[in-house]
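Notes for the one structure printed next.
The values are calculated or read from the model by the stated rules, or taken from the named source; none is laboratory data. Model, not experiment: these values are computed from the prediction. Backbone-built Cβ (ideal geometry, glycine too); neighbour counts: all protein chains shown.
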Amino acid sequence: MQTGPRSSRTARFLLTAALGVAASLSASPPAAQEPPGAGSGPALDAAARLDDAREAFVLGDYEGIVQRLKPVVERPDALQTLSPGAQAELFRFLGMGLLLKSPSEREAAAAAFLELLKRQPDFTFIESVSPPQAVELLQEVRAAHPDLFRPVEEPREGPSSIVYIQREVVEHPAWLNLLPPLGQFQNGQEVRGWLFLVGEALALATNITSFVVVEQLRGSSGLYTPSDARVADTAQNIQIASFYIFLGVVALGIADAFYAWEPEAVQLRRLEAPPPELSRRTDDAAPRVAIDLWSSPAPDATPDVAAPADTDLSGALLRLAWPF
């Protein structure tokens, strides 16, 4: 079979087109690949890795701690899934892992401790149970950044910020406990005191009332009529029962008072002004003991006491005088 000129030209055209497509595909640049750790990679379970790091620390697998926690630090999205307290714990374990593994990465451990202090500025290692290297490095990191971890000082006020507290010792005599409810009131148990007082008063009033009824029913001959005898007998039984109830309440009050009794109590009271014993003495009052004390004053402070001309105010001078 012979091919004509038109068939040859068509074949050559198709061959040329196929070669051109192949050349264009081979010349196109390969798709750019994202470096590991950049962008949104596979999800990391930061909490699970932190749990694994805790177990690795107990086993002394410091290299394993770094392998588990370093990917979390390199992924901010995974790190943000942890609470601030968990983040601080993560950097604590990471810092100790970097510091204690072989070979040690001290600078990376210091950076981890710095992140720890940013999240928990008041953190300190317990020296008795923590590695000495970690305790020392944490102190160095805190000292290297005094502006970040400087303790906040409350502004000092003037002399008006001085608070005077008066302490008074009040003695509690033991014999008051034998007279309830005085023992309860002495111990500061006012509710119990009132309960014992009411109980004793009711029992004693019942006893006296029943005694009066019995005596009123008694005839001039000292005998009772048959009808009054039954009432007098009932009243006498109430009199006896109320008497024993009164004794029981008193005994219970005595035991309760001694149980809560303290020989003395300290009472604190705030004073609006300094007490007389702290006030400055007058010139005409000659004390038996005079004490003058000078110490190094502030540059802009004026001493309250005039010191002699030859007194060295750079240190401290204590002078005692007994005018007798």
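Per-residue answers, yes or no, for (1) farther than 30 Å from ASN177 by Cβ; (2) not in a helix (DSSP H, G or I):
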position: PHE196; (1), (2): no, no
position: ALA201; (1), (2): no, no
position: LEU204; (1), (2): no, no
position: VAL213; (1), (2): yes, no
position: SER220; (1), (2): yes, yes
position: SER227; (1), (2): yes, no
position: VAL231; (1), (2): yes, no
position: ASN237; (1), (2): yes, no
position: PHE243; (1), (2): no, no
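Are any of the residues in region 79-98 of a type in the set (Lys, Arg) and at pLDDT 90 or above?
Within region 79-98, one or more residues are of a type in the set (Lys, Arg) and at pLDDT 90 or above.
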Quiz prompt | Candidates LEU223, LEU278, LEU268, filtered to the one that is within 22 Å of GLN186 (Cα to Cα), loosely packed, with under 10 Cβ neighbours inside 10 Å and at pLDDT below 90 | solution = LEU268
Exercise. From the list PHE123, PHE91, pick out the single residue that is within 25 Å of the chain's Cα centre (by Cα), over 21 Å from ASP45 (Cα atoms) and hydrophobic (A, V, I, L, M, F, W, C).
Key: PHE123
Quiz prompt | Condition check for PRO121: at pLDDT 85 or above and more than 25 Å from LEU271 (Cα to Cα) | solution = yes
